[in-house]
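Scroll down for the structure; my scribbles are underneath it.
What follows draws every value from the coordinates through simple rules; no lab data is involved. Predicted model, so just to flag it, every value in this text is computed and none were measured. With ideal geometry, Cβ positions are generated from the backbone for all residues, glycine too; neighbour counts draw on all protein chains shown.
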Amino acid sequence: MNHAKPARPTFLQHVERLVDPGSYVPAVHFSEGMDLVSGTDGGEALIDGRPVTVGLSGHIVVRALHRRHPYVAISSGTGGLARGGRRNLGVLDTVWGMSGGPMLAEMASRSRDVPVVSALVHHSFGDSSFFTGLSDYVVQLKGACMALTGPRVLAIGTSEQVTMEELGGVDVHRRNGQADTIAETLDEVYAAIRGFLSYLPTHAGAPLPVTGPGAQPDQKPGRGARPLIDGLCDQGSFFELRRDFAPGLVTGLARLDGIPVGVLASDGAFAADECLKATRLICTCDAFGLPLVFLIDSPQARADQAISRAMMLAQAVQLAEVPKCWVITGQARGAGLLVTGPARIATDLVIAWPGTRAGFEDGSAGTDEHHWPADGVVAPDATRAALASHLGAVLGPSPVSRPGRTLCTWPAGF
Amino acid sequence: MTTPLTDGTTQSTQSTQSSTDSTDSTDSQAEIPDEIRTVERLRELREQVTTQMGGPQAVSAIHAAGRRTAREHIAGFTDPGSFVEIGTFATFVDKVTAPDPGPYGGGIIGGHATLDGRPVTVAVDDDSVTSPAARSTGKAARLYQMALQQRRPYIEIAQGHTVPDLAARPGKTGTSSARTFGAEPAFPYLLERQRAIPVVSMVLGDTSGASAFSAGLCDFLVQLEGTRLALTRPENDETNGAGPSPVASGEVDAVAATPDEAYALARRFLSYLPSYAGGPLPLTDTHGSLDYDDQIARLVPARRSRAYDMKAVIRRICDDGSFFELKPNYARNIVTGFGRLAGIPVGVLANAPMRMAGGLTPECCLKAVSFVCLCDSFGVPLLVLQDTPGFLVSAQAERDRAIVRVMTLLQALSLITVPSVSVVIRKAFGLAFVILDGNRAVDLSLAWPGAEIGFMDPPVAANVLYEPQIRQLPEQERAAFLAAKAAELGVVFEPYGVAANLTIDDIVEPGATRAVVAGHLRMSLATRPPRTAPSPLASWPRWY
């Protein structure tokens, strides 16, 4: 039987399925050839009642930067060559324009003022893929390939023969951390975008999207990073990022009594990739005013080329100006202890569970001793309440995201 | 008085006498033995502290191993007689409860000195002393703060294992380690340093723990051959040393065979930088002629596939003998280093066609970003010399996070605030050209007349663009067709195309390049207003 493959959705079909029904307003603008173009590559819409700009592979991202609301790139395309290359060969004046120069210039110097999201719904090369490297969040659909250039150019230029999957499929980017979420279906892609944006303000300095008092978790904080997070955060609120990258650290967004937070929980050996994973989330949270919650039980620190990366992470923690909370749930030592280094007293909280240990290498010092600068020893059952009341007190009744001033200009990707 | 404190012999006995007299005239001296108030006592103690350090045996052991003590390093490194010690009598032990405090120095010997006549602050691990775990005198923090306040470079020599005093936090005093100089170790301040002053770390002995922290936060990291640098001690290294060394991973900027070589490297590095970010650049006389150079064009073969030594081109453009390469053995397809042009310090970022034809890997991006951050933070102008087929694409590069690495280089070069010039020496294509040209962030974008600039290497571009036609041709005609189409593109890729619409600012004769770049830098430095805010890149990590 010869069933035709279902046609790939067009940009507009993606938009219809992503945004609030009927909310899309196409952008009207002039194309390079001065033709009037209406909404085929972008426009404004609402997601969960909040404004966004949606565009094809970075088109009209400048509008989102100007309007100060999130941008969602529906990434699909082969970049400048296919779009403008053939047309412009006669007058080769557009190396810059063809390589996405104007868009890249805007994006390269942005300072995380609005959340920028990339959804890889189909193969993306050239400026489609470049855009993902400058985004705060990347969701990749299974079957889509993300790479600097495609297999065909690779075969011609270097004679390397690889499939789309081998070059930049989901298994490549789930392991190297360049995709924050892997989606099996398009519906999962749309849900992931809506989910990610639901934790963030529309722009740096806007009100934090605090929901009502969150549902109590349906379980007690258990051993291991994920059961621990599930036992501390609002029920079902944990939105994990880069799950299969750097497994020694579990990172994601969550809610604590309705307050959106970034969560970083150690889960085994800690090395260079874990530092990259942590730094990306810290930069995002600091730029958009989300408090950070560190859950530390780090029995070992691996030594591989970790000095500069460990210091990079320590710098990120130190330079982050959002409220920070640390919970020592087991042993804290080595790199795990590093992230619990210097704290600002007025907005930060360091609590330890009874009987936990801390030390640089040997974990010899009890956390209740003078050596460990814990603000208090708190029972596991009381930890959620302690964190929520601290954050509630620091942020006040109607919290506005108070963006940090430094990390917002750090590299877009780690 | 400018007399160094350590030079006790120059102080007169007359003043000793008068100070003793004056204490006798006060009332409440009964319980306090006279001698501790005397200059003799001070001199005796200082002599003992500075010569015996952690004890004669410890010092002998260091010498027996062919090594140098902390004070010998300082004497060997700084201008003779310039060292003024700070915290000579710092100690881990509470002086009030322990009248015999044991080894003085607090595990770190440091103070102020000059280097080639310019003031610097130094802090050296004293490996004759075993530091108690999780105890800090806060001496390194004090020295770093002094360097920051006085706006002068801070230089650490690391050669030991120190357990970081993580309990000490800025603002939280009264911990077990509270001492004369405050409770904090240096590293929390280094975390917030944002490259306000140059920081140099020399690793001259096995180094781990807090002693290794500065290595991950400094601007210039020199490591002595045969030493071990890691966060943890060997017994706690679960990779058993199998992990890549800081040299292999690119974190180390230069490797030294001897301590003397390390000193020289650090001194050379600092000679290109101002004493503080925003400070005046250390200018020198012009070394070498600025006249037309009729030799330089011969260094670059016209045939695009022929390799040549880009460093030879750099040396001819820069002042004689001024080029100082950083990370020479890491990601060798890109060259980074300092030089001078008409006496003006300049950071040189150049492709190296000798390696992978100058193609750029994710590692090249790391090396370049780190260097661009360094130059921009300290106001050192940037000179980019391009000859690259582009970013090397491969499945391995994609696995190595090529997209993020390349975009980070784009960001870094887009954010530069220093005077900058880019010259396409022979070829530059697509995204690599866009990025290395600073995405239009460079002040002056030039190309040599033989340069090719386009969206893709012409043979590959011809293959991609004309694939449908090629497929219809008989096998034996394809090569000729491709060559013809590539040649067509080659004409389109001449620099006059991009010069026509100001994608580049001008086409420059190879022989005039040195004079043109020097002239631009002179004018830039003359007219640019002083920087009022730090560069955004100043806060970027040294390695990412």
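Numbers below:
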{"item": "Spatial separation of Cα centroids for segment A:139-180 and segment B:309-348, in angstrom", "result": "36"}
{"item": "Amide N of segment B:445-467 lying under 15 Å from the label point, which is placed 7 angstrom from the Cα of B:Leu502 along Cα→Cβ", "result": "B:445-446"}
{"item": "Virtual spin-label span in nm between B:Ser305 and A:Asp48, 7 Å along Cα→Cβ", "result": "5.7"}
{"item": "Summed residue charge, Cβ within 10 Å of B:Ala215's Cβ, Lys/Arg positive, Asp/Glu negative", "result": "-1"}
{"item": "Partner chain coverage, peptide A:146-159 - average Cβ within 10 angstrom", "result": "6"}
{"item": "Point-charge dipole on Cβ atoms (K/R +1, D/E -1) for segment A:148-194, about Cα centre, debye to 20", "result": "160"}
{"item": "Estimated FRET transfer efficiency (B:Leu290, B:Glu325; beta-carbon r; R0 25 Å; 0.05)", "result": "0.65"}
{"item": "Violating pairs (Cα-Cα greater than 32 angstrom) within the set A:Lys142/B:Lys485; B:Lys367/B:Lys427; A:Lys277/B:Lys327", "result": "A:Lys142/B:Lys485"}
{"item": "Residues B:Thr38 and A:Arg175, FRET efficiency given R0 of 41 Å [Cβ-Cβ distance, rounded to 0.05]", "result": "0.05"}
{"item": "B:Gln472 paired with A:Ala385, simple spin-label distance in nm, labels 7 Å along Cα-to-beta-carbon", "result": "7.9"}
{"item": "Check: segment B:245-359 dipole with +1 on Lys, Arg Cβ and -1 on Asp, Glu Cβ, in debye", "result": "560"}
{"item": "Peptides ranked, highest mean first, by Cβ atoms within 10 Å: ranges B:103-109, A:211-217", "result": "B:103-109, A:211-217"}
{"item": "Where labels lie 7 Å past Cα in the beta-carbon direction, separation of B:Arg298 and A:Met164 in nm", "result": "5.4"}
{"item": "Förster-model FRET efficiency, 25 Å R0, B:Thr258 and B:Phe89, C-beta, rounded to 0.05", "result": "0.20"}
